[in-house]
Amino acid sequence: KGEGDKVIGGTVNLDGAIRMRVEEVGDGTTLSQIIKLVETAQSSKAPIQEYADWIASRFVPFVLVTAAFTLVLWLSLLKSGAIEHAAKDWPYRADGF
């Protein structure tokens, strides 16, 4: 940087003295504007994220209900003996499966 150049927060002076005039403080500074941009970006969702949330809000309950239904169905079939013949005819029975 040379004489007459603008400096911002974080400018490093390696040697000598600097005489400067403050032109902006608070909300007008570059750092303040960067912070506002980052906060805005973090607080908003991308449209694809909203769509993904919508899909997940329907998909997860569907999978859980399907899994519970499948469990109840298999337990009912096993208890009733309706699929007992399948255990005898199972080709992997000798292997312990």
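Tabulated data for the structure shown
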quantity	calculated
The range 7-22, residues that are at pLDDT below 80 and open to solvent by 100 Å² or more (accessible area, probe 1.4 Å)	Ile8
Pairs with Cβ under 6 Å, 6+ apart, first in the range 1-15 and under 19 Å from Thr29 (Cβ atoms) and free of Cβ contacts under 8 Å to residues at least 24 places away in the same chain, second outside any loop (DSSP other than H, G, I, E, B) and among the polar types (S, T, N, Q)	Ile8/Thr30
Near pairs, Cβ below 7 angstrom, 6+ apart or cross-chain, from the range 19-47 (on the phi > 0 side of the Ramachandran plot) to any residue that is among the small types (Gly, Ala, Ser)	Gly26/Ser32
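Per-residue answers, yes or no, for (1) polar (S, T, N, Q); (2) within 30 Å of Thr11 (Cβ to Cβ); (3) part of a loop (DSSP other than H, G, I, E, B); (4) open to solvent by less than 80 Å² (accessible area, probe 1.4 Å):
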position: Lys36; (1), (2), (3), (4): no, yes, no, no
position: Gln42; (1), (2), (3), (4): yes, yes, no, no
position: Gln49; (1), (2), (3), (4): yes, no, no, no
position: Ser57; (1), (2), (3), (4): yes, no, no, yes
position: Phe62; (1), (2), (3), (4): no, no, no, no
position: Thr66; (1), (2), (3), (4): yes, no, no, yes
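The values are calculated or read from the model by the stated rules, or taken from the named source; none is laboratory data. For clarity, every value in this text was computed on a predicted model and none was experimentally measured. No Cβ is skipped: glycine too gets one built from the backbone with ideal geometry, and neighbour counts run over all protein chains shown. Please note that ligands, DNA and RNA were not included when accessible areas were found on the heavy atoms of the full protein model with its side chains. Shrake-Rupley method; radii C 1.70, N 1.55, O 1.52, S 1.80 Å.
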